[in-house]
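In what follows, a single structure is set out as structure tokens and then discussed.
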Amino acid sequence: MVQEDGFGELELQFSRWAQARYADRASNGDRLLRLAAASLVYFARRGHLCADLSRIAGTPVPSGLVPSVFSEYPPLPAWESFFGHPSVSDGSGTGDLFVREPGSPRLYLERLWRMETRVGQALAERWEEDGRTIPPPVVERSSGLFGPESVTPALSMAVQRALNSRLLVLTGGPGTGKTSATVRLLLLFFHAGILLPGRIRLSAPTGKAAQRLGESLAHFHKSSSFLSAEEKAFLEAIPQPTTVHRMIGFNPRTGHSEHDAENPLKADLVVVDEMSMMELPLFDRLLSGTPAGAKMILVGDPGQLSSVGPGSVLDDLVLAGKTGSGPVVRLERSWRFPEDSGIGRFARMVGNGESRVLEKALWEQGMPGVEWVDLGEGAPPVLFFDKVLDEYEPYRLSGNAEAAFEALSVFRVLAVHREGERGVAGLSRRLERYWSHRTGVLARKDGPLGRPILILENDGGLDLANGDIGIVPLPGWGDPEYALFRSGSGTVRRIPLSLLPAHGPAFCMTVHKSQGSEYDTVFLILPHELSPVLTRELLYTAVTRARRRVVLFGNRGVFLSAIERRTVRFSGLSGRVVPSRP
């Protein structure tokens with residue numbers, strides 16, 4: 001595990017504070033105390049729940065810990081003396097900085113250890129089936145709802161787990177029908193007579209993902225001719241999806257949630273989509289606020305980017321499910337891509353890290369729906385921006401706001417970084433300038449008319465969530481003093497620009513911000529050199545945003561090297577989830 005940057009000021013401050021706290025109890029472990037303090041903050045800021053001392057042994061210590069105490073992380077036996085330091089607990093006490101359970105190679109910050117053990121215990125209690133029997137009417141209706149899909153072992157298992165237990169983890173790649181299967185499961189609950197629509201909560205970690213879930217539910221409702229009037233009424237009565245934060249009433253200022261163990265959600269079923277984005281602290285709060293008897297359906301693609309915060313909950317659940325029993329079900333068949341689809345094959349190769357096979361398939365044989373453009377080094381040429389604006393031409397020619405939103409949802413430019421000439425900031429500046437030239441409408445101080453914008457923070461008063469997409473209208477679309485947003489039902493609403501929370505341009509977005517979205521065509525622009533965030537998971541996430549076509553701009557060597565770089569997060573959650581057996 002190569003450390004690609006040094007300790008930051010937060011890590012160094014915590015290291016100095018820890019050393020000062022135990023200054024009157026000096027011991028041979030003080031050098032390791034400083035290293036442990038800085039390292040655990042360092043790893044937590046990069047998504048890890050702990051430091052696996054056996055796996056980092058021999059790897060370089062990040063720079064910045066002055067005076068330097070170690071150049072490489074020592075092997076696990078060298079830490080044994082430190083485990084007796086007053087700062088380290090075995091988990092049976094309270095108030096210590098670190099926790100190391102006896103015999104374990106993992107060292108935790110005490111807060112993250114307690115969080116992981118709480119979540120593991122809560123999931124372990126839900127892991128086994130409850131032993132309920134499926135009513136015959138439900139079995140009969142299952143065949144009609146799923147059609148020919150019901151013969152697949154994975155879907156049959158998903159139905160059984162959903163009806164017979166309190167936890168289902170439904171995974172699969174792009175287009176495997178995860179959302180469609182979830183809606184059908186809701187209808188089976190209706191036929192089983194065990195759920196009222198008002199007691200169902202649908203959610204996702206981000207506003208954009210929640211909006212996408214709502215759109216999928218509405219599309220299923222409108223396009224499914226086999227639904228009875230009663231089934232349609234049931235789906236219409238389910239509350240609209242929302243973010244997990246909003247669902248549990250989390251207040252970031254106080255760190256408390258409206259719904260917790262003392263005041264749980266009034267729900268019999270909680271569904272969370274896009275679980276790959278779920279961080280452990282938020283999941284801990286969600287489990288605390290979910291009634292013990294309520295069912296949970298957790299849906300996601302483990303190949304996508306993990307959460308920004310600490311933890312990789314979905315990955316840990318999938319790993320726990322590899323024991324052979326449990327609630328983890330993976331759907332394999334893609335309904336979006338035919339078996340011979342170039343983009344489907346491309347996504348699988350990227351997700352599986354098949355760089356050599358992909359190199360031959362893409363550059364020698366060709367893959368339908370996948371294009372490669374060598375970009376060299378430095379800033380993208382004008383030709384790149386011409387190609388982008390050509391893709392946005394249907395959007396520019398939209399006759400009204402409704403048509404503009406439809407056209408905008410077809411195409412997007414994705415970047416790896418926020419800053420730099422090939423990041424969102426640099427690309428957006430040039431795109432907006434060229435956009436003004438193409439529209440012939442003078443730009444205002446805050447940017448050109450017709451520009452799409454991305455909301456960057458939640459605003460409950462305006463019913464806006466981080467990740468929502470709006471439009472500052474062109475003449476003919478609406479008043480340019482108002483931003484336009486599309487609600488979950490498809491209607492367009494207006495909000496004064498002066499009232500908007502923090503927002504930014506959205507002609508181009510980071511891959512992280514695109515999670516939960518889908519487009520017909522995606523342009524992905526890569527940096528000219530490797531960076532810590534450019535990994536297999538990021539490429540897979542970007543590629544799977546595209547339904548029909550993906551165009552990659554960059555350097556071939558950088559692209560192939562990124563496929564080999566898989567994100568690994570240290571965690572002990574999977575081992576806590578599977579109940580111990582006698």
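Listed here are the residues, each with its yes/no results for (1) farther than 23 Å from P174 by Cα; (2) among the polar types (S, T, N, Q); (3) within 22 Å of the chain's Cα centre (by Cα).
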{"position": "V543", "(1), (2), (3)": "no, no, yes"}
{"position": "V558", "(1), (2), (3)": "yes, no, no"}
{"position": "A562", "(1), (2), (3)": "no, no, yes"}
{"position": "T567", "(1), (2), (3)": "no, yes, yes"}
{"position": "F570", "(1), (2), (3)": "yes, no, yes"}
{"position": "V578", "(1), (2), (3)": "yes, no, no"}
Practice task
State the number of residues belonging to the stretch 400-423 that are open to solvent by 20 Å² or more (accessible area, probe 1.4 Å), closer than 22 Å to A483 by Cβ and in contact (Cβ under 8 Å) with a residue 24 or more places away in the chain.
Solution key: 5
Fill in the blank from the handout: Counting only strands (runs of 3 or more DSSP E) entirely within the stretch 468-582, those with at least 3 residues that are touching a residue at least 12 places away in the same chain (Cβ under 8 Å), open to solvent by less than 30 Å² (accessible area, probe 1.4 Å) and of a type in the set (A, V, I, L, M, F, W, C) are 482-486, 519-525, 546-554
Handout entry: Subset of the stretch 270-292 (residues that are modelled with pLDDT of 95 or more and assigned to a helix (DSSP H, G or I))
Key = M275, L280, P281, L282, F283, D284, R285, L286, L287, S288, G289
Practice task
Could you tell me whether any residue of the stretch 223-242 is within 29 Å of R348 (Cβ to Cβ) and in contact with a Phe, Trp or Tyr (Cβ under 6 Å, 6 or more places away or on another chain)?
Solution key: no
Problem - Residue count for the stretch 86-99, restricted to those that are open to solvent by 10 Å² or more (accessible area, probe 1.4 Å), under 16 Å from A38 (Cα atoms) and either of a type in the set (G, A, S) or modelled with pLDDT under 90 (or both) - result: 1
Problem - Odd one out for R430 among (1) surrounded by 16 or more Cβ atoms within 10 Å (Cβ to Cβ); (2) in contact (Cβ under 8 Å) with a residue 60 or more places away in the chain - result: (2)
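Taking G193, is it at positive phi and surrounded by fewer than 19 Cβ atoms within 10 Å (Cβ to Cβ)?
Against the criterion (at positive phi and surrounded by fewer than 19 Cβ atoms within 10 Å (Cβ to Cβ)), G193 qualifies.
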Problem - Matching residues, the stretch 443-457, being in contact with a Leu (Cβ under 7 Å, 6 or more places away or on another chain) and in contact (Cβ under 8 Å) with a residue 40 or more places away in the chain - result: G450, P452, I455
Practice task
Give, as residue ranges, the helices (runs of 4 or more DSSP H) completely inside the stretch 207-269 that count at least 1 residues that are of a type in the set (K, R), in contact with a Pro (Cβ under 9 Å, 6 or more places away or on another chain) and buried (at least 18 other Cβ atoms within 10 Å of the Cβ).
Solution key: 207-223
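For the stretch 384-399: of the residues being open to solvent by 70 Å² or more (accessible area, probe 1.4 Å) and out of contact with any strand residue (DSSP E or B) (no Cβ under 9 Å at 6 or more places or on another chain), which is nearest to V413 (Cα to Cα)?
Top of the filtered list is D390.
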Handout entry: Close pairs (9 angstrom Cβ cut-off, 6 or more residues apart or separate chains): free of Cβ contacts under 8 Å to residues at least 40 places away in the same chain in the stretch 50-62, outside any helix (DSSP H, G or I) and open to solvent by less than 10 Å² (accessible area, probe 1.4 Å) anywhere
Key = A57/Y73; G58/Y73
Problem - Those residues of the stretch 38-81 which are among the hydrophobic types (A, V, I, L, M, F, W, C), in a loop (DSSP other than H, G, I, E, B) and open to solvent by 10 Å² or more (accessible area, probe 1.4 Å), in sequence order - result: A57, V61, L65, V66, V69, F70
Handout entry: Scan of the stretch 156-201 for residues that are part of a strand (DSSP E or B) and within 16 Å of the chain's Cα centre (by Cα), ordered by number
Key = V169, L170, T171, G172
Practice task
Check whether at least one residue in the stretch 339-350 is of a type outside the set (G, A, S) and under 18 Å from the mean Cα position of the chain (by Cα), and report yes or no.
Solution key: yes
Practice task
Would you check if there is a residue in the stretch 227-244 being of a type in the set (A, V, I, L, M) and within 27 Å of R569 (Cα to Cα)?
Solution key: yes
Exercise for the section: Check S487 against each of (1) of a type in the set (G, A, S); (2) under 17 Å from P241 (Cα atoms); (3) in contact with a helix residue (DSSP H, G or I) (Cβ under 6 Å, 6 or more places away or on another chain) and name the one condition it does not meet. Expected result: (3)
Practice task
Assess whether G440 counts as being surrounded by fewer than 16 Cβ atoms within 10 Å (Cβ to Cβ), in contact (Cβ under 8 Å) with a residue 40 or more places away in the chain, more than 24 Å from the chain's Cα centre (by Cα) and more than 21 Å from L456 (Cα to Cα).
Solution key: no
Problem - Selection status of E377, open to solvent by 60 Å² or more (accessible area, probe 1.4 Å), over 23 Å from E518 (Cα atoms) and not in a helix (DSSP H, G or I) - result: yes
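The values are calculated or read from the model by the stated rules, or taken from the named source; none is laboratory data. All of these numbers come straight from a predicted model, not from anything done at the bench. FYI the Cβ positions are ideal-geometry reconstructions off the backbone, even for glycines, and counts take in every protein chain you see. To get the accessible areas, we keep the full protein, side chains included, count just its heavy atoms, and leave off ligands, DNA and RNA. Shrake-Rupley method; radii C 1.70, N 1.55, O 1.52, S 1.80 Å.
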